[in-house]
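The values are calculated or read from the model by the stated rules, or taken from the named source; none is laboratory data. Please read all numbers here as calculations on a predicted model, not as lab measurements. Reconstructed Cβ throughout: ideal geometry from the backbone, glycine too, with neighbour counts over all protein chains shown.
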Amino acid sequence: MDQFKTPNFKMNQKQALILLVVFSLGVLSVAGLFLAKYFKIPSPKPPGIFTPHKPEGVVVFSSKEDFKEYLEESKSKEGYFGTRTIGFGREVPETTLPLAPEMKAAEPTLRVSETNVQVPGIDEPDILKTDGKNIYFSPGKSWPIWRPVPLMKEKTIYPPYYKEPKIKIIKAFPPKELNLLSEIEETGDLLLYKNILIVFSHDKLQGFDVKDPKNVSKKWEANLERDTYIVTSRLYNKKVYLVLKQRINEFSPCPIRPLKVEGEDIEIKCQEIYHPVVPVSIDTTFIAMVLDPKTGKIEKKVSFVGSSSQSVVYMSENALYITYPYYESFFKVFANFLEEECRDLLPNWIFSKIAKLRNYDLSQEAKLLELRLILEKYQRSLDQDERLKLENEIRNKAEDYFKTHMRELEKTGIVKIDAKDLKILKKGDIPGRLLNQFSLDEYQGYLRVATTVGQRFLPFGFGGRSETKNDIYVLDENLKIVGKIQDLGVGERIYSARFIEDKGYLVTFRRIDPFFVLDLSDPKNPQLKGELKIPGYSSYLHPIEKDKILGIGKDNWQIKISLFDVKNPEKPEELDKYILDETFSDILSTHHAFLLDKKHQIFFLPGSKGDYIFSYKNDKLELKKAIAEAGARRALYIEDYLYIVSDRGISVIDENTWEKIEEFEF
C-alpha cells in the first residue's frame with residue numbers, strides 16, 4: 001500500500017505552545033516566521049451546497065472551485081505540531097467477541113476455523129482463506145532459487161532469482177489428499193464468498209470463480225486509477241464494503257474517478273464529496289463503496305475528504321466509521337492563554353488589540369503573524385533584564401496551561417456511515433489520536449473509543465516528548481460524548497485496546513505494563529475498575545474465555561505471553577506468563593496471524609525462529625509443540641487437524657497427538 005510522504009520534523013503540543021511564546025517574544029525571529037507560515041488555521045467559510053441528505057457537521061462541495069478554496073484554507077494546517085503519515089496495509093491491528101468465531105463450512109459436520117476478525121460475522125481480507133475443503137493462500141516473495149547462468153564459455157555464475165508469487169489453491173481435506181490443485185497469476189489479500197475468490201492487489205481487484213478449483217476463471221476485474229489505493233475492505237451481508245483513498249489533485253480535485261470496473265469509470269462528482277464544515281487539514285479523498293462480489297458491480301458509494309495521517313477504519317453491523325486527525329486553531333488557543341494567564345505580565349493595550357484581532361476577516365495564519373508582531377513591539381520596549389524575566393515567566397505559565405488545555409489542540413474527527421444505504425449519518429470529534437481499529441467498538445448503540453493525547457515531537461532539534469495521557473470516550477448514536485474516563489497511564493501511550501460487551505481492556509506502556517479493566521455498563525458513567533502493573537507490554541489482546549484475556553507483546557525485547565483473569569474487575573490477575581526466546585511475531589503486526597482453537601484449548605503463535613502451539617488449559621500456559629521450521633504466515637484448523645502455512649508449503653499437525661502427519665512443499 002502507498003505511504004504518504006512523511007514530514008521531516010515532528011513536535012509535541014506542549015513544547016510547540018512554549019516555543020511559540022518564546023518565538024513571539026523575538027527570541028528566534030526567523031523561526032517565528034516559520035511558525036507563522038506553518039501554523040496557519042483557516043477561518044470557517046460558507047458551507048457548500050447541501051444535498052437532500054444533510055448529515056450534521058459535514059456538507060458537500062458545490063463545485064471544483066469550492067473544493068480548491070477549501071483545500072487552500074486547509075493547507076494552513078499542514079505541519080502543525082508535525083504529523084506522522086502511515087500506509088494502509090493490513091490493519092493491526094468486537095462488539096460481542098468472547099471466542100474466536102467458527103465459519104460455516106461446506107459440510108455441516110466439519111469444524112473449520114476462519115480468519116481472526118474484530119467483529120463476528122464481518123470478514124476481513126487476509127492472505128489465507130478456506131472453505132473447509134480447499135485452502136486459498138497468497139504467499140509473499142519465495143525464497144531465492146539458484147540456477148546456473150553462463151557468462152562466457154569458460155565461466156558460469158549462479159545468481160539467485162525469486163520466483164514471482166502466485167495464489168495457491170490446495171486440496172486440504174482430508175489431509176492425506178493434500179496437493180496443489182491450481183494457481184492464479186496474482187497475489188494480494190483475499191476474501192472468499194461462496195465460490196467467488198476476491199483478490200485485492202496493489203492496483204486492482206479481481207473476482208475468480210473457484211467452483212472448480214482445477215479450472216479457475218476470472219469473473220470480473222476493477223482497476224484502481226492513479227494515486228488511488230485500497231485502505232481496507234469487509235465482507236458483510238453478501239456484499240463487499242470497500243474503502244479507497246485517493247491523493248487530492250490540487251489543480252483538479254474533483255470530479256474523481258478512483259476505479260474502473262470492466263473498463264467503465266466510476267465517477268464521484270464534486271457535489272458528492274463531503275467535507276467538515278469547520279476546515280481541517282486534508283490531503284486525501286476517502287471513498288466507501290458497496291460491491292457485488294459476484295459481478296464486481298458498484299452498487300453504492302459515498303466520498304469524504306480527510307487526512308491520511310493515522311486514519312482508522314472500523315465497521316460494525318450497523319455502520320462504517322472513518323476517522324481522521326486534525327488540530328484546533330493555534331491562534332485561538334494561544335490568544336486564550338495570553339488573556340487567561342498573562343494579564344499580570346502584559347499591558348492592557350495588547351489585550352485590546354487581541355480582542356480586535358479576533359474579529360478581523362483574516363486567515364488564522366495572518367492573525368497569528370499579527371499577534372507575533374504585537375508581542376515583538378512590546379518586547380522591544382523592555383530592557384534585557386525585563387525581557388529575560390518575561391520570557392521565563394511566560395514559559396512556565398505556558399507549560400502549566402498546556403497540561404490543562406492539551407485536549408483542545410489534538411483531536412480526531414469521526415464520520416459515521418450507515419451500513420445499509422451508505423449515507424453519512426453523523427460527524428463527531430474527540431480529543432487525541434487512535435492506535436488502530438481496535439481503538440473503536442460499537443455496542444448497544446454506543447461507540448467506545450480509546451485515544452492518546454500529547455504525542456507530538458518538536459522540530460529544529462529541540463526534541464523531547466510531552467507528557468502523554470490516555471482517555472476512553474463513550475459516544476451516543478449522534479457521536480456526542482456522553483461519558484469518559486481520562487488520564488489513564490500518564491506519561492505512557494496506548495499499546496493495545498479491546499472492548500468486549502460492557503467491559504473494556506487497555507494496555508499502556510513506557511517502562512511497565514499497566515493493564516486496565518474498565519466498566520462500561522453505564523455509558524454515561526464509565527469507570528476504571530482495576531489496574532495491574534507488570535513488566536513489559538501487550539500489543540494484542542484476545543478473549544479466550546468469558547473472564548480470561550490473553551495478551552501477546554514484549555518484555556525486554558522478547559515475546560511475552562500473559563494470561564489475565566478479569567473475573568474480579570477490581571483486582572485483575574496475571575495467572576500465568578511465558579517468555580519466548582523470540583524477538584518478533586506476526587501477531588504483533590496483524591491480528592490475522594492469531595489462531596485460537598477452543599476445543600483443544602490451544603492457540604498458535606508464529607515466530608522468527610520457529611512456530612509455537614500453546615495450551616491454556618487449567619489456566620496454565622504450556623508449550624505443547626515447537627516447530628523449528630520458521631517462516632509460518634498463518635494457521636487454520638479443519639476438524640482436528642492444524643494446517644500451518646508458510647510461503648514454502650504446508651504442514652499438517654494431528655491435534656490429538658501433536659504429531660506431524662502430512663507435509664507439502666509448493
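Residues in region 476-484: is at least one modelled with pLDDT of 95 or more and β-branched (Val, Ile, Thr)? For region 476-484, residues modelled with pLDDT of 95 or more and β-branched (Val, Ile, Thr): present. Kindly check whether there is at least one residue in region 616-631 that is modelled with pLDDT of 95 or more and hydroxyl-bearing (Ser, Thr, Tyr). Yes: region 616-631 contains one or more residues that are modelled with pLDDT of 95 or more and hydroxyl-bearing (Ser, Thr, Tyr).
Just wondering, is there one or more residues in region 563-575 that are within 28 Å of Asp487 (Cα to Cα), within 27 Å of the chain's Cα centre (by Cα) and assigned to a strand (DSSP E or B)?
yes
Please go through region 465-518 and give me each residue that is closer than 30 Å to Pro55 by Cα and outside any strand (DSSP E or B), ordered by number.
Asp476, Glu477, Asn478, Leu479, Lys480, Glu501, Asp502
Filtering region 263-286 to residues that are at pLDDT below 95, out of contact with any Gly (no Cβ under 7 Å at 6 or more places or on another chain) and in a loop (DSSP other than H, G, I, E, B) leaves Gly263, Val278, Pro279, Ser281, Asp283.
Taking Arg343 as meeting all but one of (1) part of a strand (DSSP E or B); (2) of a type in the set (D, E, K, R); (3) touching a helix residue (DSSP H, G or I) at 6+ places or on another chain (Cβ under 9 Å), write down the number of the exception. So the condition that Arg343 fails would be (1).
The sole residue among Ser381, Ser363 that is hydroxyl-bearing (Ser, Thr, Tyr), surrounded by fewer than 19 Cβ atoms within 10 Å (Cβ to Cβ), at pLDDT 85 or above and out of contact with any strand residue (DSSP E or B) (no Cβ under 6 Å at 6 or more places or on another chain) is Ser381.
Given Ile559, Ile587, Ile549, Ile579, which one is more than 23 Å from Ile472 (Cα to Cα), assigned by TED's automatic domain parsing to the domain that holds Tyr505, β-branched (Val, Ile, Thr) and in contact with a Lys or Arg (Cβ under 8 Å, 6 or more places away or on another chain)? The unique qualifying residue is Ile579. Would you please name the residue that is nearest to the chain's Cα centre (by Cα), looking only at residues in region 602-626 that are surrounded by 19 or more Cβ atoms within 10 Å (Cβ to Cβ) and among the aliphatic types (A, V, I, L, M)? Within region 602-626, the match that is nearest to the chain's Cα centre (by Cα) is Leu605.
Just to check your reading of the model, which residue among Glu629, Glu573, Glu622, Glu665 is acidic (Asp, Glu) and under 30 Å from Asp502 (Cβ atoms)?
After applying the criteria, what remains is Glu573.
Among what's in region 520-548 and is in a loop (DSSP other than H, G, I, E, B) and within 25 Å of the chain's Cα centre (by Cα), pick the residue that is surrounded by the fewest Cβ atoms within 10 Å (Cβ to Cβ). Filtering first and then ranking leaves Pro523.
Applying the criterion of being among the acidic types (Asp, Glu) and within 22 Å of Phe499 (Cα to Cα) to the residues of region 391-431, the residue that is surrounded by the most Cβ atoms within 10 Å (Cβ to Cβ) is Asp429.
Condition first: over 29 Å from the mean Cα position of the chain (by Cα), at negative phi, among the small types (Gly, Ala, Ser) and not in a loop (DSSP other than H, G, I, E, B). Can you find one or more residues in region 588-601 that meet it? Within region 588-601, none of the residues are over 29 Å from the mean Cα position of the chain (by Cα), at negative phi, among the small types (Gly, Ala, Ser) and not in a loop (DSSP other than H, G, I, E, B). Scanning region 249-262 for residues that are charged (D, E, K, R) and in a strand (DSSP E or B) turns up Arg257, Lys260. If you go through region 432-451 and keep only what is in a strand (DSSP E or B), surrounded by 21 or more Cβ atoms within 10 Å (Cβ to Cβ) and modelled with pLDDT of 95 or more, you end up with Leu440, Asp441, Glu442, Leu447, Arg448, Val449, Ala450, Thr451.
For every residue, the table says whether it meets (1) surrounded by 18 or more Cβ atoms within 10 Å (Cβ to Cβ); (2) among the charged types (D, E, K, R); (3) on the phi > 0 side of the Ramachandran plot; (4) at pLDDT 95 or above.
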| position | (1), (2), (3), (4) |
| --- | --- |
| Ile198 | yes, no, no, yes |
| Asn223 | no, no, no, yes |
| Arg226 | no, yes, no, no |
| Tyr229 | yes, no, no, no |
| Glu250 | no, yes, no, no |
| Pro258 | yes, no, no, yes |
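Out of Pro293, Pro347, one residue alone is more than 25 Å from Glu410 (Cα to Cα) and in contact with a strand residue (DSSP E or B) (Cβ under 6 Å, 6 or more places away or on another chain). It is Pro293. In region 640-659, which residues are surrounded by fewer than 17 Cβ atoms within 10 Å (Cβ to Cβ) and modelled with pLDDT of 95 or more? Residues satisfying the conditions are Asp640, Asp654, Asn656, Thr657, Trp658, Glu659.
The test for being modelled with pLDDT under 95 and out of contact with any His (no Cβ under 9 Å at 6 or more places or on another chain) holds for Arg465. Put simply, of Gln246, Gln310 the only residue that is part of a loop (DSSP other than H, G, I, E, B) and crowded, with 18+ Cβ neighbours inside 10 Å is Gln310.
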